[in-house]
Amino acid sequence: MEKVISFVLSRETAEGGFSFAQTTPRTLDDTYYALRTLELLGYDYQSQKTLEYIKGIWIDRFTPAKIVYQATYLFRLLHTDCHSRLADLIALKLSSSDYSLKDLYFLLSSLRYLHSAPEINPMLRSQITRLSILDLRTMDNVLRQLLLMHQLHIPFDRTTYVEWIKRSQNGDGGFGFYPGTSSFLENTYYALKALSVLGSEPVDLQGCREFVRSCQASNGGFGRQSITVPRLDSTYHAVFSLLRLEKYGTSRCT
């Protein structure tokens with residue numbers, strides 16, 4: 001994985017943080033995926049400039065849920081002390097709006113990172129469970145619903161989810177947004193993570209490995225498909241997927 005690490009570090013900016021390319025500004029999104037990838041690979045990343053960049057991220061009640069989630073993860077990763085302020089802020093956000101499933105996932109997962117248990121009232125439970133797989137439509141939303149139900153101990157029909165996800169795997173080994181759609185690396189990541197939660201595995205393990213590897217560029221990074229521009233988010237999805245696929249070799253699931 002040395003080439004992967006080299007690719008990630010090549011996206012570090014002189015001011016700290018990470019960017020899509022060496023000529024573009026740093027972003028929280030790119031910094032989040034870069035540091036998550038390095039963490040997965042066991043790389044001991046140290047940068048005072050990046051630490052200062054992350055410490056300077058301001059979160060308030062108007063901040064989008066995804067940014068709250070990414071910032072919370074990075075604050076925890078870098079041992080930045082902001083637990084009580086963030087937990088109170090997220091609780092306030094949850095009490096004041098009717099959120100999409102995606103935003104609920106980001107906010108409740110942020111609380112989990114802070115080791116703060118949310119109060120699951122009937123309205124919140126309904127927001128998580130009211131949509132079926134056909135309503136959710138795409139692999140990312142199916143994963144988010146699964147993770148929330150699993151974390152909050154909400155019962156669900158495991159078989160329905162396993163069958164739908166497995167039908168989304170294509171002949172090239174990758175997974176689509178839903179059954180019958182083209183394979184993309186992010187959907188393959190979502191599917192593998194969901195199947196892991198469900199205690200299952202892809203129908204075609206070797207094909208899945210080959211699809212993920214086909215997305216790697218010569219510079220070590222990964223794109224969404226083969227012969228696409230390598231990105232930090234896609235590289236994280238690839239590294240997670242390859243590590244997950246390695247585990248199937250030592251622990252068989254049904």
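Points to keep in mind about this one:
- Of the helices (runs of 4 or more DSSP H) lying entirely inside segment 1-61, the ones with 2 or more residues being farther than 21 Å from Arg213 by Cβ, modelled with pLDDT of 95 or more and within 19 Å of the chain's Cα centre (by Cα) are found at 28-40.
- Residue among Gln145, Gln151 that alone is at pLDDT 85 or above, surrounded by 13 or more Cβ atoms within 10 Å (Cβ to Cβ) and closer than 29 Å to Tyr43 by Cβ: Gln151
- Exclusive hit being farther than 28 Å from Ser19 by Cα and β-branched (Val, Ile, Thr), set Thr159, Thr188: Thr159
- Those residues of segment 75-91 which are part of a helix (DSSP H, G or I) and polar (S, T, N, Q), in sequence order: Ser84
- Test: residue in segment 230-237 that is surrounded by fewer than 19 Cβ atoms within 10 Å (Cβ to Cβ) and either more than 20 Å from Asp135 (Cα to Cα) or not basic (Lys, Arg) (or both): no
- Looking only at segment 204-227, and only at residues there that are touching a strand residue (DSSP E or B) at 6+ places or on another chain (Cβ under 9 Å) and assigned to a loop (DSSP other than H, G, I, E, B), the one that is farthest from Phe20 (Cα to Cα): Asp204
- Restricting attention to segment 8-20, the residues being surrounded by fewer than 21 Cβ atoms within 10 Å (Cβ to Cβ) and under 13 Å from Thr235 (Cβ atoms) number 3.
- Here Leu131 meets the list (1) in contact with a Phe, Trp or Tyr (Cβ under 9 Å, 6 or more places away or on another chain); (2) farther than 30 Å from Leu51 by Cα; (3) aliphatic (A, V, I, L, M) almost entirely, failing just condition (1).
- Looking across segment 166-203, the residues that are part of a helix (DSSP H, G or I) and in contact with a Gly (Cβ under 8 Å, 6 or more places away or on another chain) come down to Leu185, Asn187, Thr188.
- Residue under evaluation Thr72, criteria (1) of a type in the set (S, T, N, Q); (2) modelled with pLDDT under 90; (3) part of a helix (DSSP H, G or I); (4) surrounded by 16 or more Cβ atoms within 10 Å (Cβ to Cβ), criterion not met: (2)
- One residue stands out among those in segment 123-142 that are modelled with pLDDT of 85 or more, polar (S, T, N, Q) and closer than 13 Å to Leu104 by Cα: the one that is nearest to the chain's Cα centre (by Cα), which is Asn141.
The values are calculated or read from the model by the stated rules, or taken from the named source; none is laboratory data. Small disclaimer: the values here were computed from a predicted structure and weren't measured. Every residue, glycine as well, gets a Cβ built from its backbone with ideal geometry; the counts of neighbours run over all protein chains shown.
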